[in-house]
Each structure stands twice: as structure tokens, then as C-alpha cells.
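Visitor: Okay, handing you the structure first.
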Amino acid sequence: MAAGKGGSKPSKEAKAAEKAARKQASKERRKQLWQVFQMQRKEDKLLLPLMIGAFVGITVILVVIGLLVHMQWYLLPIGLVLGGLVAFIIFGRRAQKNAYARMDDQPGAAWWVLDNLQGKWRPTQAVAATAQLDAVHRVIGLPGVVLVAEGSPHRVKSLLAQEKKKTARLVGDTPIYDVVIGNEDGQIPLKNLQRYLTKLPRNIDAKRMDLIEGRLSALATRGGPALPKGPLPGGAKMRGVQRTVRRRS
């Protein structure tokens with residue numbers, strides 16, 4: 001019995017450590033959310049009116065409905081929770097929109113979006129790059145291979161063509177999509193990049209993705225300066241906001 005008790009002690013310590021880690025992570029998320037909220041509130045004068053309006057409006061509507069059906073005390077807490085959720089979603093979306101606006105035309109902006117993709121996407125940063133911080137990023141997903149270029153249009157055009165040619169030699173008949181980030185004709189605005197990727201057709205399965213990833217790992221990254229993982233210091237904070245919004249919605 002003594003041995004059994006002795007053997008269970010590390011398990012309790014491990015559980016305590018895990019609980020402490022979760023508590024610390026939760027504390028960090030709340031801190032990040034508060035910092036982003038304060039920053040967004042200063043830059044977005046409509047944020048608080050919209051959040052308060054959504055919270056109060058939804059709560060009042062449900063209370064009124066409750067009064068009509070004599071269930072006001074039942075619908076009141078539902079209204080408070082639903083109103084708070086909608087207010088939080090408004091905050092997350094406006095903060096994300098503001099982040100896209102601030103990142104536009106900055107080196108590393110496209111990678112910041114790709115690095116935050118949800119689902120079965122496997123992004124690789126700067127598989128080709130120039131000294132001027134132009135870059136081509138690669139994403140493997142169910143549509144196939146997507147090459148995303150950012151930087152000066154006249155420089156990334158040739159960079160993208162070279163990378164597409166190298167990729168085609170290794171992936172066979174797997175579809176290859178290429179896109180240039182920008183606001184000119186034929187380009188995809190940064191804010192629409194994620195939507196563009198999610199609307200692509202599904203052409204391959206996970207097994208094929210593994211095979212392609214293995215083949216493309218042999219492609220050496222062209223030498224050049226390392227790009228930042230996001231042009232804004234608050235990039236990591238925005239990532240936390242997006243994930244928290246998804247969990248709570």
C-alpha cells in the first residue's frame with residue numbers, strides 16, 4: 001500500500017502542475033484580450049457604443065418577449081449571455097479588421113494570415129525570397145498547393161513563376177494555385193486571403209498532402225533575409241483574440 005501511495009504522488013504533482021499551467025495560460029489570454037481591447041477602444045470610437053448597444057438591445061428584446069409569455073426570469077439570463085457573446089464577437093471582428101488595415105503593405109503580412117489559418121493547412125514561410133523582403137510562401141491543403149506572393153509586383157512575378165515551376169516538377173498533377181497579395185487588378189487583398197483559400201475546391205486528401213509535403217521538403221529555401229512572422233508587435237495578441245472568439249462563438 002505504501003508503494004501504491006508513493007507511486008500516486010507524482011501523478012498528483014503532475015495534475016497540480018497541469019492545473020497551474022492552464023490557470024497561467026488563461027490568465028495570459030485574459031491579459032492579451034484586455035490589452036487588445038484597450039488599444040482597439042482608443043482607435044475605434046464606435047467599438048463601445050456597438051458593444052453596449054448589442055448587449056443591452058438583445059437583453060431587452062428577450063426580456064420583453066419573456067414578459068409577453070410570462071417567462072422573463074427565464075429569458076433574462078439567456079439574454080445577458082447572448083448579448084455578451086454578440087458584443088464579444090463584435091469586438092473580435094472589429095479588432096481583426098483593424099489589424100488587417102494596419103498590416104496592409106507591410107512585409108510579412110501575408111505570412112501572418114497564413115500562420116493563423118485554421119483547419120488542414122500546412123504553411124511554410126518564405127520558400128523563396130529577395131533581399132527587398134519580397135517573398136513567396138507555400139501552403140499545402142486539401143485544394144493542393146497554394147503559392148502566396150507578397151512584395152513588389154514586378155519582382156514577385158518572376159519569383160512566383162520560378163517557384164511554381166520547381167513545385168510542378170515534384171507534385172505531378174496536383175493542382176497548384178498562385179496568388180499575389182495586393183490591391184491592384186488580378187491581386188488578392190490581404191483581408192480576403194483567408195476567404196480565398198477556404199473557397200478553393202477540395203482536390204486531394206490528407207494522404208496525398210503527406211506525400212506532397214514530403215516531396216516539397218526537399219526544396220531548399222532560397223537564401224535571403226528572414227521575414228518577420230507578422231508586421232505588427234500585436235500580431236501574437238490578435239492571434240489569441242481570434243482563437244478565443246472562435247472558442248466562445
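Values in this text are rule-based calculations from the coordinates and carry no lab data. Values in this document were obtained by computation on a predicted structure and should not be read as measured data. In this analysis, Cβ positions are derived from the backbone assuming ideal geometry, glycine residues included, and neighbour counts consider all displayed protein chains.
Visitor: Quick check on my link table: of Lys42/Lys199; Lys19/Lys207; Lys164/Lys207, which ones sit more than 25 Å apart, alpha carbon to alpha carbon?
Guide: Lys42/Lys199; Lys19/Lys207
Visitor: Determine which lysines satisfy two conditions relative to Lys12: a Cα distance under 22 Å, and not lying fewer than 8 residues away in the same chain.
Guide: Lys23
Visitor: How big is segment 2-103 on each of its three principal axes, counting only the C-alpha atoms and giving the largest first in Å?
Guide: 64, 49, 16
Visitor: Right, another one. Apply the Karplus curve 6.51 cos²θ - 1.76 cosθ + 1.60, θ = phi - 60°, to the phi angles in segment 158-166 and return the couplings in whole Hz, x for Gly and Pro.
Guide: In residue order, the calculated couplings are 6, 4, 5, 5, 5, 5, 5, 5, 5 Hz.
Visitor: If we count other beta carbons within 10 Å of each Cβ, what is the order of Trp121, Trp34, fewest first?
Guide: Starting with the residue having the fewest Cβ neighbours, the order is Trp34, Trp121.
Visitor: Please give the peptides 19-27, 93-101, 64-72 ranked by average Cβ packing (other Cβ atoms within 10 Å per residue), highest first, as a rough proxy for protection.
Guide: Sorting 19-27, 93-101, 64-72 by mean packing, highest first, produces 93-101, 64-72, 19-27.
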